[in-house]
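Coordinate-derived values only; no laboratory data. Bear in mind that the values here come from a model prediction, so they are computed numbers and not experimental data. FYI the Cβ positions are ideal-geometry reconstructions off the backbone, even for glycines, and counts take in every protein chain you see.
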């Protein structure tokens, strides 16, 4: 992208400068926080693991009784056109589907689909080498398998996270650990087995990818994870599209293991990076 | 209002035609469903019980770590100006406060305040005479005292409500009844005492008003209400700003009492109407 060239977005059926992308206040996202979204990475004009993200986007819409106005091939065409138009080396694309311009401010109508592409900041090597500190909070998302736009709890807790000098908040429900507001959670036990909560979580695509790393020497599985488990973990990490595998070195007041990112976590990060590179070589879009 | 004259709204610090009231897609309501709101009635240029609604609006903002950009006197001036501009005989005014135009799409920044005024439809005498049928659903709002814009569950259940030929959904949490998505719940017991759930509910202003009707022959109190209680109720009703007191005559498969609106409900509706009339005569705004 030439310097200072404006970004473009897709809204109201066409590609428009992002700075001119507006929704009327009657939209149900504004009136009632009603919408779903998804978000994937684009490396050198290649969307990574796009199939999985699209599957989830259509599923979220269905779970919330919304219809994506574009069928899958047409949606992919729009994504391709946006990628060509913006020409960014490394970016994230967010698709948002809202309840539409509702006349009565409550009943969903024809949904609004908007697609935004923006430069992406991945964690720095220093962040990965240091790991993060997290706090815990009892909260269960309303419809865990749906990626809705409702982040009321996570955003409301930002102040509390900062007050405790932490980086993020890990949700549990009555002692059963689930997920972060925007990431999944994995724990490494003292026998080097790796487990991520099986239920009441969003099916993260990076979570899926880590679960698919079957060539590792340690089994990675889904299961039950309690607060007791995490305080006794040898290592822990989160996974997300933007953060990949990011070590967690402290949970509440408990320092995990040595207090530094552990070997299992780092090995999985390396394996995930390899998988992403393979994807880039495999996928040809355009 | 002269016929066909456009409505006006307040947005970005000024009064603008409603049809030109837009938010940029970077707004946190669109990105993350993050915002609070409130809604009050205006009869003949008089906002009813405005103090209570403003109290709740500022409290909701505080609970969600947002700051209303206008102090109370300035907000009242804007409301008055909007009422004069639109000149509607009967209307509702909705104030929405969002997390603002967030550069990173997650951290709240300077909030956006928008105020919309629209004609109001009250229940018809036929609707009141017939009463409504409701279904029940286990759900607890995330931050019950805050009037957030998050109506994901209520809107998602619209299809289910219609499929069961019902009018609304009454939430309970593990058998303890709380509220409707947009209204409070009251139950009349066989001894003619009236009770509304005490906790885990939004503090409705119409609920407050009904609780303040102390000259009635039956005590109206707050307490615990279970699913068992409601199925055995003599009468039931909901309260809301737009619906006032609306009889509930069936809950799930259980017909309440005679299946018609009962005398206690209708007496409370009459008393509430009198209270509203007194408010209109008392309040002088402008």
Quiz item: Which order results if B:277, A:235 are arranged by neighbouring Cβ count within 10 Å, fewest first?
Solution: B:277, A:235
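By how many nm would the segment from residue B:76 to residue B:226 grow when fully extended, if each residue of separation counts as 0.36 nm and the alpha-carbon distance is taken off?
Working: separation 150, 0.36 × 150 = 54.00 nm, distance 3.98 nm.
Extra length from residue B:76 to residue B:226 when fully extended: 50.0 nm.
Determine the percent antiparallel among the DSSP beta bridges restricted to the protein assembly as shown, to the nearest 5. Walk me through the intermediate numbers first.
Working: 93 of 117 bridges.
The antiparallel proportion sits near 80 percent.
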Quiz item: Under a point spin-label approximation (7 Å from Cα along Cα-to-Cβ), what is the residue B:174-residue B:215 distance to one decimal in nm?
Solution: 4.3 nm
Practice problem: Sticking to Cα atoms, compute the Rg of the stretch B:107-204 to one decimal and its Dmax as the biggest Cα-Cα distance, whole number, in Å. | Solution: 16.0, 52
Quiz item: By how many degrees, 0 to 90 and rounded to 10, does the Cα axis of helix A:72-86 deviate from the longest principal axis of chain A?
Solution: 90 degrees
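Which percent, to the nearest 5, of DSSP beta bridges fully inside the stretch A:125-277 are antiparallel?
Working: 18 of 30 bridges.
So the antiparallel bridges in the stretch A:125-277 amount to around 60 percent.
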Quiz prompt | Virtual spin-label span in nm between residue A:274 and residue A:253, 7 Å along Cα→Cβ | solution = 4.2 nm
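For the stretch A:125-277, what is the convex hull (Cα atoms) projected area averaged across all directions, in square nanometres?
Numbers: hull surface 34.0 nm².
It is 8.5 nm².
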Quiz item: So what's the Cα pair-distance distribution over the protein assembly as shown, bin width 20 Å, in %?
Solution: 19, 49, 27, 5
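Exposure proxy check: A:95, A:153 ranked by fewest other beta carbons within 10 Å?
On the way: A:95 24, A:153 17.
Neighbour counts put them in this order, fewest first: A:153, A:95.
Find, to one decimal place in angstroms, the Kirkwood hydrodynamic radius of chain A, where the mean of 1/r is taken over every pair of different Cα atoms and then inverted.
Numbers: mean 1/r = 0.0500 Å⁻¹.
By the Kirkwood definition, the hydrodynamic radius is 20.0 Å.
Relative contact order of the stretch B:137-286: what whole-number percent is it, with Cα pairs under 8 angstrom and at least 6 residues apart? Please list the in-between numbers first.
Details: 234 pairs, mean separation 28.7, N = 150.
RCO, the stretch B:137-286: 19 percent.
Could you work out the Kirkwood radius for the stretch A:1-91, taking every pair of different alpha carbons, averaging 1/r and inverting it, reported in Å?
This gives a value of 14.6 Å.
Determine the percent antiparallel among the DSSP beta bridges restricted to chain A, to the nearest 5.
Numbers: 45 of 57 bridges.
Given both bridge residues lie in chain A, the antiparallel proportion sits at roughly 80 percent.
With a 10 Å Cβ neighbour count serving as the proxy for reagent exposure, in which order, fewest first, do A:161, A:149, B:230 appear?
Numbers: A:161 18, A:149 25, B:230 21.
Going from least to most buried by this count: A:161, B:230, A:149.
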Quiz item: Distances from residue A:219 to the same residue in each other copy, label points 7 Å out along Cα→Cβ, in nm, shortest first?
Solution: 6.1
Quiz item: Taking the Cα atoms only, what angle lies between the long axis of helix B:50-63 and the longest principal axis of chain B, rounded to 10 degrees?
Solution: 80 degrees
Quiz prompt | Helix A:263-282 vs. chain A, principal-axis angle (Cα, 0 to 90°, nearest 10) | solution = 30 degrees
Quiz item: Once you put a point 7 Å from the Cα of residue A:104 and another 7 Å from the Cα of residue B:191, both along the Cβ direction, what distance in nm separates them?
Solution: 3.9 nm
